[in-house]
Structure formats: structure tokens, C-alpha cells
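The values are calculated or read from the model by the stated rules, or taken from the named source; none is laboratory data. Because the structure is predicted, anything quoted here is derived from the model rather than measured. Positions of Cβ are backbone-derived with ideal geometry, glycine not excepted, and every protein chain shown enters the neighbour counts. In case anyone asks, the SASA skips ligands and DNA or RNA and just uses the protein heavy atoms, side chains included. Shrake-Rupley method; radii C 1.70, N 1.55, O 1.52, S 1.80 Å.
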Amino acid sequence: VTIHLEQVQDSEYHRQVFKFPFSFRLIFEDGQTIDKTVWMDRSRQDFTLSIDRKPAVILFNTQNQLLCEIDTDFTADQWALIYQYSDDVTAQYQALTSLAVTSGLEYVFEDARQHELWQFRSIGLSNLISLTDNIAESSLKKMDEEDRHPLIRARAMRILARSGKLNESLVVSRLQQD
């Protein structure tokens with residue numbers, strides 16, 4: 001695998017080449033990853049890695065060392081791999097939002113419903129409802145009763161109410177709890 005990097009900057013203001021570490025992660029279909037950091041010290045550089053198979057995804061700037069813009073054109077399956085195998089919460093969030101309402105990837109949204117960050121749980125729940133309209137009542141009740149974040153509990157309660165599966169005693173119990 002050869003990675004070609006270029007520094008693009010306004011030559012009127014920045015005549016010298018910046019020297020900096022640049023990190024990236026190769027993600028393979030089976031979930032294995034290889035993390036590398038290289039030193040960029042020229043305006044254009046190629047970095048060659050000897051590996052025995054082609055990565056499914058290459059993530060750049062994985063240590064968030066650079067303030068930069070990286071253009072990506074990932075497929076839904078690649079975004080799913082990024083969500084599953086990136087250690088970077090920003091990359092995971094970008095993957096999850098890029099997958100919004102993508103059918104066939106319900107397992108990603110189901111996983112997001114269990115995430116430690118409430119924003120991820122919210123996105124996972126919303127996407128599952130948009131795709132399946134059939135989340136198990138027991139799962140929704142569990143979210144309504146046990147989730148740490150009031151917005152997640154409220155969203156689960158709203159879904160239960162729309163489906164007609166919300167009884168009055170549950171509403172009173174939640175209002176007293178919150």
C-alpha cells in the first residue's frame with residue numbers, strides 16, 4: 001500500500017514546508033487494524049507499507065494532530081467499519097451520522113443504542129425507528145426505565161406512546177422519577 005500525501009497551503013503566506021507527524025489507521029474487513037505515524041517533511045511524499053492484503057478503509061489524522069480538512073468518499077460499508085473499529089469518537093460520530101437511515105446496517109444502530117455517549121444512543125434509536133419501526137417493546141421500556149440521560153428516556157417514552165404501548169402508570173412513574 002502506498003500513501004501519497006501533499007501539503008497544500010497558500011504559498012503567499014507559507015513559503016516553507018511544515019514538518020509534522022501524520023497518523024493513519026488501516027482497517028481490514030475482518031476488523032484488524034494497523035496504526036502508523038509518519039513524518040511529513042516535504043511538500044509531497046509517498047509512504048509505502050508492505051502488507052499482504054488490501055485494507056478496506058484508510059483513516060487519516062487518527063490522532064487529530066493536525067487542524068486540517070480531509071475529503072472522504074466512503075461507502076456505507078466502509079463507514080460501518082469505521083464506526084466499529086475506530087478508537088476516535090469523532091470518527092465514530094462522523095460514521096454514525098453518515099450512515100443515517102442506511103438499510104442493511106441496523107446492527108450498527110443497535111450497537112450505537114448501547115454506546116456510553118447519549119448522543120450515539122439517540123442517533124442509534126432514531127435510525128432504528130426510521131428503518132424498522134419495530135424495536136422490541138421490552139428494549140424500549142428498558143431504555144425508558146434505565147437510560148442515564150433524560151432525553152433518551154423521553155425519546156423511548158415518546159416511541160412507546162406513538163405505538164400505543166405506553167400505559168398511564170409508566171408515565172406517572174417516569175414523571176416522579178425525573
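In segment 16-60, of all residues being free of Cβ contacts under 8 Å to residues at least 40 places away in the same chain and touching a helix residue (DSSP H, G or I) at 6+ places or on another chain (Cβ under 9 Å), the one that is farthest from GLN78 (Cα to Cα) corresponds to GLN32.
Against the conditions (1) modelled with pLDDT of 80 or more; (2) over 30 Å from PRO55 (Cα atoms), ARG121 satisfies every one except (2).
Within segment 146-161, the set of residues being part of a helix (DSSP H, G or I), in contact (Cβ under 8 Å) with a residue 24 or more places away in the chain and open to solvent by 60 Å² or more (accessible area, probe 1.4 Å) comprises PRO150, LEU151, ARG155. Provide a single number: the residues in segment 2-28 that are within 26 Å of the chain's Cα centre (by Cα) and among the polar types (S, T, N, Q). Count: 2.
For segment 129-139, the condition of being open to solvent by 60 Å² or more (accessible area, probe 1.4 Å) and modelled with pLDDT of 85 or more holds for none of the residues.
With respect to the conditions (1) under 30 Å from THR102 (Cα atoms); (2) touching a strand residue (DSSP E or B) at 6+ places or on another chain (Cβ under 8 Å), ALA76 falls short on a single one, namely (2). If you check GLY164 against the conditions, is it small (Gly, Ala, Ser), surrounded by fewer than 16 Cβ atoms within 10 Å (Cβ to Cβ) and either modelled with pLDDT of 85 or more or closer than 28 Å to PHE60 by Cβ (or both)? The answer is no for GLY164.
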